[in-house]
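First comes the structure, then the notes that go with it.
Each reported figure results from applying straightforward, stated rules to the coordinates on display, with no laboratory input. Small disclaimer: the values here were computed from a predicted structure and weren't measured. Virtual Cβ from ideal backbone geometry, glycine too; neighbours counted across all protein chains shown.
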Amino acid sequence: MLLVANAEAWPGFATTVERLREGAPSLDAMVEGIGHVEREAKVRSVGYGGWPNMLGRMEFDAGVMNGTTREVGAVGAVPDTLPVSRLALEVMRRLPHVMLTGDGARRFATEIGMPLDETLHPDSRRVWWERLERELSREELDRFPDIPLAPLSRAITDPERVRDTTVFLSADPAAGIHAATSTSGWAWKYPGRLGDSPIPGAGFYADSRYGAAACTHTGEMTIRCGTARTIVLALKLGRSLHDAVRLAVDELCELRGGFLAGVVIHAVDAGGNHEVVNVRCEGEIRYWLWDEGMAEPELRPATTI
């Protein structure tokens, strides 16, 4: 059994490890661990600790994929709901659909007994409003939110330069290879924006025959390239994990136009190998790793390209 997650998975990684040791199904174990991340206010890119959109509202995205059946559940721009990875799992298990968004996703959450959550952290609201006050005129503030929002999409930036996502990948010869993601998305995003986290093939993909991949940071880029699917398809075509990831990196670096920044790729294969690669992200990127031969999980540095 191999488990890989990004560094900000720290509130729940040990929980997932414990559940896997107890024999819990991989997706259930990962979603339970992510649930701790989603409720941790210190994690500024996921759940309660995340930043609101331009209107000061929280919208959450998540996805899960069973690599053995290739079933997918995903939700996007979900309001009033912290455990969106669990909601994505329930979409996969209860509905004939792959993805629900917005109010429809919240309606489904209510139907299955998930409560309405308070999702906007008071400090996040304070920082959001102070940023608006710096960027808008007095007249615009008086009319807000009945003003054009598109001009703000470049003026208002992430206060902590965080575009991360919680991603978990599990690989086991018997239990298969699976993926789970959760994010609050970019700070001050345009309302309704979806990143790559709920999009299978872009932000995550798993196939138990070959491997899995999940991405963090600039989702607009991995959507354009279909990065997670590229890696798994390359594995299917016989490339090593190292070469499969490098192919995906090359595709990202070939992009021109649009918003271009950094990406982190997490990947595993059916042979028990893993790769975590930092493509143009500032600072040191780290990730969590655990396998059955390790007494405790380890926080390791990603390879920088």
Quiz item: If one computes the Cα centroid of the stretch 232-284 and of the stretch 124-153, what distance in Å separates the two points?
Solution: 37
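Can you pull the Kirkwood radius for the stretch 1-156, inverse mean 1/r over Cα pairs, to one decimal in Å?
Numbers: mean 1/r = 0.0586 Å⁻¹.
For the stretch 1-156, the Kirkwood estimate is 17.1 Å.
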Practice problem: Hey, can you grab everything whose amide H is under 5 Å from the amide H of Thr101? Only 5+ residues off in sequence or another chain; H modelled, so Pro and N-termini drop out. | Solution: Gly76
Quiz item: Using mean Cβ contacts within 10 Å as the protection proxy, how do 102-115, 264-277, 53-66 order, highest first?
Solution: 53-66, 264-277, 102-115
Self-check item: Size of electric dipole in the chain: Cβ of Lys, Arg +1 and of Asp, Glu -1, about Cα centre, debye, nearest 20
Solution: 540
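Could you tell me how many cubic angstrom of Cα convex hull volume the stretch 2-304 has per residue?
Working: hull volume 37.4 nm³, N = 303.
Taking the convex hull of the Cα positions in the stretch 2-304, it is 123 Å³ per residue.
Please report, largest first and rounded to whole Å, the three semi-axes of the ellipsoid equivalent to the stretch 18-83, where each semi-axis is the square root of five times an eigenvalue of the C-alpha gyration tensor.
Values: eigenvalues 130, 49, 9 Å².
For the stretch 18-83, the semi-axes come out at 25, 16, 7 Å.
Computed FRET efficiency, Cβ-Cβ of Trp129 and Glu284, R0 25 Å: what is it to the nearest 0.05? Don't skip to the end; give the middle numbers.
On the way: r = 32 Å, r/R0 = 1.28.
E(calc), rounded to 0.05, equals 0.20.
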Quiz item: For the pair Asp146 and Thr304, how long in nm is the line joining their label points, each one 7 Å along Cα→Cβ?
Solution: 5.0
Quiz prompt | Segment Arg21-Glu292, length gained on full extension (0.36 nm per residue, minus Cα span) | solution = 96.7 nm
